[in-house]
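Enquirer: Dumping the structure here so I can ask a few things about it.
Readers should treat all values here as calculations from the given coordinates under stated rules, not as data from a laboratory. What you see is a predicted model; the values in this text were computed from it and never measured. All Cβ positions, glycine included, derive from the backbone under ideal geometry; neighbour counts span all protein chains shown.
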């Protein structure tokens, strides 16, 4: 297993299913949690820190285009979360965006370790852990 | 060659006759490269001065009175004859700009030249944009000012049009950039879902899963198709002229609701229709249909499953001046924070929403195109009311 806990934040049911299957096939993560919007993702992190910090995800796959709060909105709030969360959780953007500005904005963020284009592939997962 | 020389000579001699200089012309002009009498030279410059289309003035810098003026000056100031301007105070002819002009003339005297532009109320042509140039000249012991005034109204007008067009173009370009960015995102999202599903399908050993993947592919492709349809509605509105014809709202509503039967929740929702006609309503049928379809499908999609009796109420009131379309529901309503953004292109408030997010943007664009206006009232958890007013268009035939 590359990571113990993985959090997927994406509004698309289909993409969540595809991503989960790929992660399972590669035995990439032990536990997979799915949140369907950015706010729910932030809430989950805060709640988990309070209830069971051992379940905090080491890696978050974050979509960009989502209703209400988008991935960049998530990142803006993420920087103010508890230091324990910020140090523990690494973020990989997982988006269909091929826009150069989106890419630049994402990789300039100190919490973002990778920018992955959908669809998620076995190869992309291997590159993240490298 | 000699023919050309003759033609020029002939033109000049005629010119001189017209301004009644009393010369026979031909003889003297044939010697124009040789020496000229001082009198003739003076006359020549006088012609150049008088005939120029530019306003030319000679001004006494001590008191700013006009010493000499040409015909263009007489035209500008509405005088029969340029001689009538001689002795007049130049500043007095420009009461609105007297201060600025005084400064400009002083500057010319100090620096050698000066210019400024201003708007002038001419007696003949109303307001004109003028550019003034003043230059210092020495004539014997005296210092004089010569003043040129040019009508730059046409240039100014062209400049204003150019600035306006430029601003419009910049706005269009920004909109286009935004449109291309957003659409490429929205079109790509369902495509990568399909790609992801194909990747799974290729390596899936459990055949039972194949059916699921294919069903989801179909779902993604339908979504892509929906987005493309919306984009076509949008571009249709932007491209095509308004096409006015009489509208039968009863028929149009029936058609719209029939097209929405694919939404499963329509069975659970009480649809209330009320059309009151007091005459014929004319507008663009296709555009009105897109408005109805988007508003009604939104109300259906965002119904509140926990409401006692979910309803969508569609009220159409036609009067000689306008049609009021009111779509009200007791659905989920719109959070206050989302209200200012619901008309943005591709804005979606809920992750559960199945649409492209472009619907209300199209409605807004169409209502603007039809010179109508719209209003939204909504309370989260209680429902929404969309009201659209469209002017009754006198039929054009």
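Enquirer: Return one number: the angle in degrees, 0 to 90 and rounded to the nearest 10, between the long axis of the Cα atoms of helix B:153-203 and the longest principal axis of the Cα atoms of chain B.
Expert: Roughly 30 degrees between the two axes.
Enquirer: Any idea what angle helix B:38-51 forms with the longest principal axis of chain B, computed on alpha-carbon atoms, 0 to 90 degrees, nearest 10?
Expert: 20 degrees
Enquirer: Would you mind checking the tilt of helix B:249-259 against the longest principal axis of the Cα atoms of chain B, expressed as 0 to 90 degrees and rounded to 10?
Expert: 60 degrees
Enquirer: Of the beta bridges DSSP finds with both residues in the range B:259-397, what % are antiparallel, to the nearest 5?
Expert: Restricted to the range B:259-397, the bridges split so that about 70 percent are antiparallel.
Enquirer: How much mean residue ellipticity at 222 nm does chain B get from its helices, if each DSSP H run of length 4 or more adds -39500 (n - 2.57) and you divide by all residues, to the nearest 500 deg cm²/dmol?
Expert: -15500 deg cm²/dmol
Enquirer: Based on the Kirkwood radius over alpha-carbon pairs, what value in µm²/s does the Stokes-Einstein equation return for the translational diffusion coefficient of the range A:20-65 at 10 °C and 1.306 mPa s?
Expert: 135 µm²/s
Enquirer: Of all beta bridges DSSP finds with both residues in the protein assembly as shown, what is the antiparallel percent, to the nearest 5?
Expert: The antiparallel fraction comes to roughly 65 percent.
Enquirer: Quick one: plug the Kirkwood hydrodynamic radius of the range B:154-239 (C-alpha pairs) into Stokes-Einstein at 25 °C, 0.890 mPa s, and report D in µm²/s.
Expert: 150 µm²/s
Enquirer: Sort A:42, B:295, B:58 so the one with the fewest other Cβ atoms within 10 Å of its own Cβ comes first.
Expert: Result, fewest neighbours first: B:58, A:42, B:295.
Enquirer: Mind checking Rg over Rh on the range B:53-151, alpha carbons, Kirkwood formula for Rh?
Expert: So for the range B:53-151, dividing Rg by the Kirkwood Rh gives 0.94.
Enquirer: Find the Cα radius of gyration of the range B:97-157, compare it with 2.2 N^0.38 Å by division, and give the number to two decimals.
Expert: Working it through for the range B:97-157, the quotient is 1.25.
Enquirer: Could I ask something else about it? Using the 10 angstrom Cβ neighbour count as an exposure proxy, how do B:376, B:327 rank, fewest first?
Expert: With the fewest neighbours first, B:376, B:327 line up as B:376, B:327.
Enquirer: How do B:107, B:143 line up, fewest other C-beta atoms within 10 Å first?
Expert: B:143, B:107
Enquirer: What is the Cα radius of gyration of the range B:84-238 over 2.2 N^0.38 Å, N being its residue count?
Expert: Taking N as the residue count of the range B:84-238, the ratio is 2.34.
Enquirer: Quote the convex hull volume per residue of the range B:244-397, based on C-alpha atoms, as a whole number of Å³.
Expert: Cα-based convex hull of the range B:244-397, divided per residue, equals 104 Å³.
Enquirer: Follow-up question, since we're still on this one. Compute the Rg/Rh shape ratio of chain A: radius of gyration over Kirkwood radius, all on alpha-carbon atoms.
Expert: Across chain A, the Cα-based Rg/Rh ratio is 0.92.
Enquirer: Can you run the Rg to Rh ratio on the protein assembly as shown? Use alpha carbon positions and the Kirkwood inverse-distance Rh.
Expert: So for the protein assembly as shown, dividing Rg by the Kirkwood Rh gives 1.26.
Enquirer: Also, quick follow-up: Rg(Cα) of chain B divided by 2.2 N^0.38 Å?
Expert: Relative to the 2.2 N^0.38 Å estimate, chain B comes out at 1.77.
Enquirer: Indicate, rounded to the nearest 5 percent, the antiparallel portion of the DSSP beta bridges found entirely in the range A:3-129.
Expert: 0 percent
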